[in-house]
1. Suppose each label sits 7 Å from its Cα in the direction of the beta carbon; what would the residue 3-residue 79 distance come out to in nanometres?
2. Using 0.36 nm per residue, how much length does the chain from residue 11 to residue 57 gain when fully extended, once their Cα-Cα distance is taken away?
3. In cubic angstrom, how much convex hull volume per residue do the alpha carbon atoms of the stretch 13-82 span?
């Protein structure tokens, strides 16, 4: 978690909770669904995940699938916790 997940830059990195909103942000932290992003890919340019819907959706899908695999959850368990699916 010391370099940008997108470009590998080590400067000015931020931790991004993949699933946001008050409840989802806490769940992202609890289940380790956070990625490291440089300022450009986080929220300081149009390429940032906060402004690029396709990038945001791609990361959400990857994290959901990884979490379901890691925690051995089926889709119903995912829904029970997050109440929404991105896959």
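1. Here the modelled spin labels are 4.0 nm apart.
2. Once the chain is fully extended between residue 11 and residue 57, it gains 14.1 nm.
3. Cα-based convex hull of the stretch 13-82, divided per residue, equals 80 Å³.
Every number in this text was worked out from the coordinates using simple rules, so none of it is lab data. Values in this document were obtained by computation on a predicted structure and should not be read as measured data. We place every Cβ from the backbone using ideal geometry, glycine too, and count neighbours over all the protein chains shown.
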